[in-house]
1. Kindly put S20, S70 in sequence by how many other C-beta atoms sit within 10 Å of each C-beta, fewest to most.
2. With θ set to phi - 60° and the Karplus curve 6.51 cos²θ - 1.76 cosθ + 1.60, what are the ³J(HN,Hα) couplings of the range 64-71 in order, to the nearest whole Hz, using x for Gly and Pro?
3. Hey, can you grab everything whose amide H is under 5 Å from the amide H of E105? Only 5+ residues off in sequence or another chain; H modelled, so Pro and N-termini drop out.
4. Between T15 and E121, what FRET efficiency follows from the Cβ-Cβ distance if R0 is 22 Å, with the result rounded to 0.05?
5. In debye to the nearest 20, how big a dipole does the range 1-110 give about its Cα centre with +1 on each Lys and Arg Cβ and -1 on each Asp and Glu Cβ?
Amino acid sequence: MLGSKKSTASVSGKTTLVSSDTVILGDIRFSGVLDVEGLVQGNIVAQPGKDALVRVVDKGRVEGEIRAPSVVINGIVEGNVHATRHLELASKARVQGNVFYTLVEMAAGAEVNGALAHVAESDSAGAAQKEPAATGSGPGDNPAGLAVVSAKLD
């Protein structure tokens, strides 16, 4: 997890940093690694067919949807999260939205206020394409008719 020396999610390639005093207004499309220490007001989408990792650190914030193979959250996400390979929710993670994952790790203290839905790895690419885009309305949105869960591990 984020508190450990090595995260289980690793991606080779270039790293893009949204530093702590930076605000991005608009969507980000990327490959490689994206570290969010500041604020992103828009969707974060990994390029199809590319290996990618999004890390939202403890002071980072995303107000929009995240779609990537690997996602590590230790900050705040207000929007749906789609991790087609691996999702880590560290102890300071706060997610206001639905979470779609293939493999998930959740540390004590992490919070998810929305639906948790497992997606089979072979289905994850197709399901991610079919899922409607986030509208920014938050966990009250439940277009897939999933059971809504509010979870906090202590």
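Every read-out reported here was derived from the displayed coordinates using simple, explicitly stated rules and does not represent laboratory data. Just so it is clear, the model here is predicted, and its values are computed rather than measured. With ideal geometry, Cβ positions are generated from the backbone for all residues, glycine too; neighbour counts draw on all protein chains shown.
1. S20, S70
2. x, 8, 10, 10, 7, x, 10, 9
3. Amide H neighbours of E105: L87, E88, L89.
4. 0.30
5. Details: 12 positive and 11 negative charges, 56 e Å.
Using Cβ point charges on Lys, Arg, Asp and Glu, the range 1-110 gives about 260 debye.
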